[in-house]
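No lab work stands behind these numbers, since they all come straight from the coordinates. Because the structure is a prediction, the values reported are computed rather than measured. Reconstructed Cβ throughout: ideal geometry from the backbone, glycine too, with neighbour counts over all protein chains shown.
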Amino acid sequence: MEQYMVELLSSRKQKDLADTREQISSCFEKVACFLLPHPGHAVTEREYDGSVEAIDNRFLELLTAYLDDLFDPANLLPKKIHGVAVTSRELFTYIKTYAGLFREASIFPEAKTLLEATAEANNVNQRDKALLMYKREMEKIAGSKCQYVPVQELEAHHKACLQGAMDVFDDGARMGRRSEIMRYRQEVADQIEKERHRYLEINAERDPYKNLEFYLIPGCLALALLMFRVSQDLFCYESIGYDIPLYDCKHVSHTLSHLYWALIVFMLLIMMSTGQVMFKRVKTVVSIIKTAIDASKEDGKEKKD
């Protein structure tokens, strides 16, 4: 039986089977065959409706033996592609690809078509695996439970994850035409670039200093107006005893009071509209300052020691 299998695989008479036969030995660690007799002339008739009763009994007996051997627990080993075990997610992709191929074909698909479908399913699996690996690694520092990360650090982590994802794709995408492999590789790069922008946007929203100018500028103006008002009150003619006023101190003081209170109300309205975000940012700023103070204290202790 083994000799027959070798002779069959080495045959090059049918061009549509040549590519498949050349790759069988390299795609499988162990290659074996199981011969079945003809299922009977009844199944070849145009009127055959698919009933099991019309199939030859000898064929059914050997088919049962084949299935028992195929699904024997000792033979149920994990399927591997390029030495890597196939996951259930990847197996589902293969099943969908083959099902679609048989659904669209009016006759049994050619071996070349099946080989191309297998290569396409493998490329899809490797693409999804590379993207999953990239997202999993990026979630470690830029996920939903993470805090703000400096942009330079995030970009450096992205480059490392990008290289890792590309390595995952290159290690597994070795089936089919080179042009198709490169097309899926470009899809991986494009998808990762979109994910990179998404993570950058998410990280930017966590920046504790983002939109801080909306609070600092009005706050500084309000403080300056308050100090100016206090100075006006201190140097007003009523305080220093001049009988001839140069200007109306009370009018200036009231005007300044209205201005800085308007600025304070403006800041309060902004804080109310973004209260939760602002609270998180203030908390982050406080934690950063606290960390910096603790680090400086530790440095001081090390220098003393």
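Fewest first, what order do Thr93, Thr44 take by the number of other Cβ atoms within 10 Å?
Thr44, Thr93
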Cβ density ranking, 10 Å radius, fewest first, applied to Glu155, Glu116, Glu187, Glu2 yields Glu2, Glu155, Glu187, Glu116
If you stretched the chain out fully between Leu91 and Ala204, how much longer would it get, using 0.36 nm times the residue separation minus the C-alpha to C-alpha distance?
-> 36.8 nm
From the residues Gly164, Met138, Asn203, which one has its Cα farthest along the dipole of region 115-205 in the positive direction, the dipole being from +1 and -1 charges on Cβ of Lys/Arg and Asp/Glu about the Cα centre?
-> Gly164
Under 20 Å, Cα to Cα: Lys pairs in region 55-172, sequence gap 8 or more or different chains = 11
A correct Karplus calculation of ³J(HN,Hα) over region 47-64, with 6.51 cos²θ - 1.76 cosθ + 1.60, θ = phi - 60°, whole Hz and x for Gly and Pro, returns 7, 5, 9, x, 5, 6, 4, 7, 7, 4, 4, 4, 5, 5, 4, 6, 5, 5
Residues meeting the amide H criterion for Ile81 (H placed from the backbone, H to H distance under 5 Å, 5 or more places apart or on another chain) are Val86
Net charge (Lys, Arg +1; Asp, Glu -1) of residues whose beta-carbon lies under 13 Å from that of Ala173, Ala173 excluded, is -1
Roughly how many nanometres apart are two label points built 7 Å out from the Cα toward the Cβ at Leu76 and Val52?
-> 2.0
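Among Lys129, Lys96, Lys194, which comes first, second and so on when ranked by fewest other beta-carbon atoms within 10 Å?
By the 10 Å Cβ count, ascending: Lys194, Lys96, Lys129.
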